[in-house]
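The values are calculated or read from the model by the stated rules, or taken from the named source; none is laboratory data. It should be emphasised that the depicted structure is a prediction, and the values quoted were computed from it without experimental measurement. So basically every Cβ, Gly included, is an ideal-geometry build from the backbone, and we count neighbours across all protein chains shown. What goes into the accessible areas is simple: the full protein's heavy atoms, side chains included, and nothing from ligands, DNA or RNA. Shrake-Rupley method; radii C 1.70, N 1.55, O 1.52, S 1.80 Å.
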Amino acid sequence: MPKKQTFIVSIMALSLVLSGCVPSFMKSDQDDTVKVNDSEGEDSEEMIVSEDIKTSETYYRSVLEKDGDKNSLDTSQVRGLITAGVDNRLDVDALEMGLIRLSQEQFDPEKYFFKEGQLFDTEQIHSWLYRDNPDDKDNQGLNPALGVKEDPAKYEQVIEAEKKNPKFLSYIHEQDYYVQNKDDELQLGGISIALSLYSEYPYSVLDENGLKYTGSVKLGKEEVISKAKESIEPIVKKIRADHDVPIMFTLFLEQPRQSVVPGNFVASTIVGEGEI
């Protein structure tokens with residue numbers, strides 16, 4: 001028997017920097033029931049939409065999974081993966097919460113419901129973060145090719161290649177926004193994606209004895225932004241294979257891992273319905 005899903009209010013502070021963010025949830029004694037279409041057009045499932053909490057801030061209502069009498073956050077398959085790509089904890093908070101804040105400009109919290117990214121799994125995210133490999137026709141890497149074989153016996157050559165061809169893309173963060181249609185069904189209404197970019201690329205190379213050589217390469221802001229814009233197209237094509245909804249793309253420029261201040265968003269664009 002499939003698990004039921006529930007929509008209830010999630011308290012999400014829309015600030016750029018948030019320490020120890022944990023969404024809190026409240027139940028309502030006067031819940032409305034609506035139907036939801038799944039991605040394959042199967043029979044609709046019933047979901048519960050609770051009343052808004054009256055506050056001075058604007059919050060999104062969130063999608064939760066209902067299993068018996070318990071409600072739990074319907075989390076992303078890649079939840080937690082962001083910390084493997086974004087080294088600075090301040091950047092993680094600024095990226096996640098900042099994207100919610102920016103999404104308000106496109107997806108009105110009065111009409112849309114928030115859900116952690118569900119479209120991309122760990123394998124897909126990793127494949128995009130890999131380096132491009134011209135010799136592999138199935139390679140989807142969005143970072144530039146290294147240009148040499150990663151041979152520990154030639155580690156010095158590999159180090160020079162890392163410096164010459166640094167990665168620019170560290171992570172891809174997705175958020176989904178659902179909307180209630182005229183038939184009182186909740187369906188995917190929009191997607192927000194943040195491309196997290198290095199301002200300083202850290203590399204690590206092993207030699208034949210297992211010794212590790214580390215370093216970093218400072219990247220020019222304009223060059224990084226230019227490369228990031230080029231990487232948007234394959235992501236859009238992947239989404240368009242199954243979904244035709246507006247997609248908001250933002251570019252987030254990280255600070256180095258030792259920084260005491262977070263990075264910031266440097267560009268954004270909207271890919272409308274039907275656009276590739």
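Per the Kirkwood treatment, what hydrodynamic radius in Å, one decimal, follows for region 136-276 from the mean inverse distance over all distinct Cα pairs?
17.4 Å
Please list, in order along region 183-190, the HN-Hα scalar couplings obtained from phi with the Karplus expression 6.51 cos²θ - 1.76 cosθ + 1.60 (θ = phi - 60°), rounded to whole Hz, x for Gly and Pro.
With the stated coefficients, region 183-190 comes to 8, 6, 10, 9, 9, 4, x, x Hz.
Using the Cα gyration tensor of region 208-247, with a ≥ b ≥ c the square roots of its eigenvalues, what is the shape: rounded (a/c below 1.5), prolate (a/b larger than b/c) or oblate (neither)?
Note, shape of region 208-247 comes out oblate.
Run the numbers on region 164-217 and let me know its relative contact order in percent, using alpha-carbon pairs under 8 Å that are six or more apart.
Relative contact order of region 164-217: 32 percent.
Please report the carbon-and-sulfur percent of the accessible area for region 170-252; probe 1.4 Å, protein heavy atoms only, DNA, RNA and ligands left out. Walk me through the numbers on the way to the answer.
Working: 1630 of 3710 Å².
Carbon and sulfur atoms account for 44 percent of the accessible area of region 170-252.
Go through 119-128, 187-196 and give me the packing order, highest mean Cβ count within 10 Å leading.
187-196, 119-128
Cross-link list Lys149/Lys237; Lys163/Lys227; Lys149/Lys229: which exceed 25 angstrom alpha carbon to alpha carbon? Intermediate values should be presented prior to the final figure.
Working: Lys149/Lys237 30 Å; Lys163/Lys227 17 Å; Lys149/Lys229 27 Å.
Going by Cα-Cα distance, Lys149/Lys237; Lys149/Lys229 fall outside the 25 Å limit.
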